[in-house]
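Let me begin by presenting the structure, written as structure tokens, before commenting on it.
The values are calculated or read from the model by the stated rules, or taken from the named source; none is laboratory data. Keep in mind the model is a prediction, meaning the values are calculated, not measured. Reconstructed Cβ throughout: ideal geometry from the backbone, glycine too, with neighbour counts over all protein chains shown. The protein model used for the area step is the full one, side chains on, heavy atoms only, and it has no ligands, DNA or RNA in it. Shrake-Rupley method; radii C 1.70, N 1.55, O 1.52, S 1.80 Å.
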Amino acid sequence: MAKVAKAPKKAKLDRDGLTALGLERLIEIALDEAALNPSFKKRLSAALAGIGGAAGVAKLIDSRLAALEKSGTRIRWQKERAFGNDLDSIAASITKEFGAVDPGMALERLIRFVYGYEGISERVNDSSGRIAGIYVQACEAAGRLAPLVPADQQVRIPPLLTPGLHGIDYHGVRTLLSVRIAAALPPDVLKAWDAGLAAAMKIPAGTTILPAIVHVRRAIADACGDLDAYVAIEESLPDALREPVVVAERLHAAGRNEEALIWVRKPRKSRLGFARRVDVLTGGMQAPPDKDRLEAAILDGMKDRTASQAVRWKIFEQGLDAGILREYIAKAGDFEEFEALDKAFAFVEHHREPHAALRFYLAWPRLDLAARYVVARWGVWEGEFYEFLLPAAEAFDAGEYPAAATALYRALLDRIVSRGLSDYYEDGADYLERLAALAKRPGGNDGLMSHADYLADLHRHHIRRHGFWNRIKPEAYRSQ
């Protein structure tokens, strides 16, 4: 039998693939695209201008930035895509074409470009976040470009950024740009910059929103690896703007536990919170460290096991957190863990919120205790908590706990039928079919009313839910 010839390997759209395509063919494609795509044409023009040196490309970039800044025309939705392409082209020309020729001059233009975002945001309805994303990418590019700037020119960068850091940066773009650049500058430049920012940092009385300068000063302290400077910045802030738990976490990581304990125990005043667009796009919205867990870790670092265990027990009592109980047990002394477990289970058993107790038993996991708990309190379960009651019912069903599964399936079904949730009638019919099957298993109704009595009661109270009853199969009415 003749061998079938292998198909030739498909070229990829990468450097190797384009190299194989050949220079002449690439030139033809580039010229064709430039004739159809104005943004691509401008990008090519910038690249060609760069051949003649920095002056040529600077003139072209400056012209495009000036036109962008001068225009105040509202961008209608039909032109948003083309407008975004043009912005992307400007940023790419500055970063790649100009950056390859003169990183210092390119970074100056990139700062100018990013600082124009607020004017742009007022001209376009950027509901998709695409336009903001272009500026975020430009900030990231600036962070990569800054180290390429000659050392003798880097001192000129901070004065370009500082004027845009006064007051609140509601979008967060100017702050992000400064933070990314700060991470790339040498310590001597950063310290001089911070001195100027400290002198300019004025926080209006009563404000609950952190000024941009504070964000940047924190970033400078981090870039310099100066924890004392970071702590000093926090100490200079009004109580309402401090992040004591964050400071405590940093001090704890540095092994300065005595100081960390003071900070973690400082009250954090609640303040107005808002999500800046940059934080959403960059994933910068992070929850603060868990205050109580951090305090326990700090106390461990201070070798005060009694105090750290007391904190962990307090956390457990507040939320029936299975994870913190595991930590508590792990740090218990010899022969203490069994007594601690008995104490914990006794506390859970009498907890005021049965759904929280059930969550604990399932998370520990102790399916046997959970099943007994469910049946003993069969009338308290609320179908509103279906996101964890349904998996629990399925786990009981798959195991040897049919009565517990029955109690939870009934709670789920009661919610659907009593509230007339017609979109979920099909699920309700499935639950009823499941209940009929569970009733045939040994112990399926132990501690509960019989399936026949439950079904009769359900029908009597909700006889008018015709949309539901029409979905019920005859088998659901039968039990052993």
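Out of 427, 446, 423, 414, one residue alone is out of contact with any strand residue (DSSP E or B) (no Cβ under 7 Å at 6 or more places or on another chain) and not in a helix (DSSP H, G or I). It is 446.
Being acidic (Asp, Glu), modelled with pLDDT of 95 or more and surrounded by fewer than 23 Cβ atoms within 10 Å (Cβ to Cβ), is that true of even one residue in the stretch 110-119? Within the stretch 110-119 (the criterion being acidic (Asp, Glu), modelled with pLDDT of 95 or more and surrounded by fewer than 23 Cβ atoms within 10 Å (Cβ to Cβ)), the answer is no, since none of the residues qualifies.
Total residues in the stretch 119-141 satisfying the condition of being part of a helix (DSSP H, G or I) and of a type in the set (Lys, Arg): the figure is 1. Residue 56 meets all of the listed conditions (1) touching a residue at least 40 places away in the same chain (Cβ under 8 Å); (2) over 34 Å from the mean Cα position of the chain (by Cα) but one, namely (1).
Among the residues of the stretch 394-404, none qualifies, meaning not one is outside any helix (DSSP H, G or I), under 34 Å from the mean Cα position of the chain (by Cα) and modelled with pLDDT of 95 or more.
Here 146, 182, 212, 195 are screened, and the one residue that is open to solvent by 10 Å² or more (accessible area, probe 1.4 Å) and not aromatic (Phe, Trp, Tyr) is 195. Could you tell me which residue of the stretch 312-326 is least open to solvent (accessible area, probe 1.4 Å), considering only residues that are over 26 Å from the mean Cα position of the chain (by Cα) and more than 25 Å from residue 377 (Cα to Cα)? Going through the qualifying residues, I end up with 312. Just to verify a result, which residue in the stretch 328-362, among those that are in a helix (DSSP H, G or I) and among the basic types (Lys, Arg), is nearest to residue 388 (Cα to Cα)? Step by step, filter the stretch 328-362, then rank; the result is 359. Here residue 379 qualifies as without any contact (Cβ under 8 Å) to a residue 12 or more places away in the chain and at negative phi. Close contacts from the stretch 160-186, counting a first residue that is free of Cβ contacts under 8 Å to residues at least 60 places away in the same chain and a second that is open to solvent by 30 Å² or more (accessible area, probe 1.4 Å) and charged (D, E, K, R), with Cβ to Cβ under 7 Å and a gap of 6+ residues or different chains, come to 160/108; 164/174; 165/174; 180/140. Just one residue in the set 242, 265, 256 is in contact with a helix residue (DSSP H, G or I) (Cβ under 9 Å, 6 or more places away or on another chain), among the charged types (D, E, K, R) and closer than 24 Å to residue 198 by Cα; that residue is 242.
Might you check whether a residue that is closer than 14 Å to residue 219 by Cα and in contact with a Phe, Trp or Tyr (Cβ under 8 Å, 6 or more places away or on another chain) occurs anywhere in the stretch 107-128? The answer is no; no qualifying residue exists. Out of 87, 60, 65, report the one residue that is hydrophobic (A, V, I, L, M, F, W, C) and open to solvent by 40 Å² or more (accessible area, probe 1.4 Å). Of the residues listed, the single one that is hydrophobic (A, V, I, L, M, F, W, C) and open to solvent by 40 Å² or more (accessible area, probe 1.4 Å) is 60.
Listed here are the residues, each with its yes/no results for (1) free of Cβ contacts under 8 Å to residues at least 24 places away in the same chain; (2) closer than 29 Å to residue 306 by Cα; (3) open to solvent by 80 Å² or more (accessible area, probe 1.4 Å).
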position: 335; (1), (2), (3): yes, yes, yes
position: 339; (1), (2), (3): yes, yes, yes
position: 342; (1), (2), (3): yes, yes, yes
position: 346; (1), (2), (3): yes, yes, no
position: 351; (1), (2), (3): no, yes, no
position: 355; (1), (2), (3): no, no, no
position: 359; (1), (2), (3): no, yes, yes
position: 362; (1), (2), (3): no, yes, no
position: 370; (1), (2), (3): no, no, no
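Pairing residues of the stretch 439-456 that are within 11 Å of residue 407 (Cα to Cα) and of a type in the set (Val, Ile, Thr) with residues that are open to solvent by 30 Å² or more (accessible area, probe 1.4 Å) and modelled with pLDDT of 95 or more, at Cβ distances under 7 Å and at least 6 apart in sequence or on separate chains, gives no pairs at all. Being open to solvent by 20 Å² or more (accessible area, probe 1.4 Å), of a type outside the set (A, V, I, L, M), under 16 Å from residue 220 (Cβ atoms) and not in a loop (DSSP other than H, G, I, E, B) is true for just one of 163, 159. Which residue is that? Going through 163, 159 in turn, the sole match is 159.
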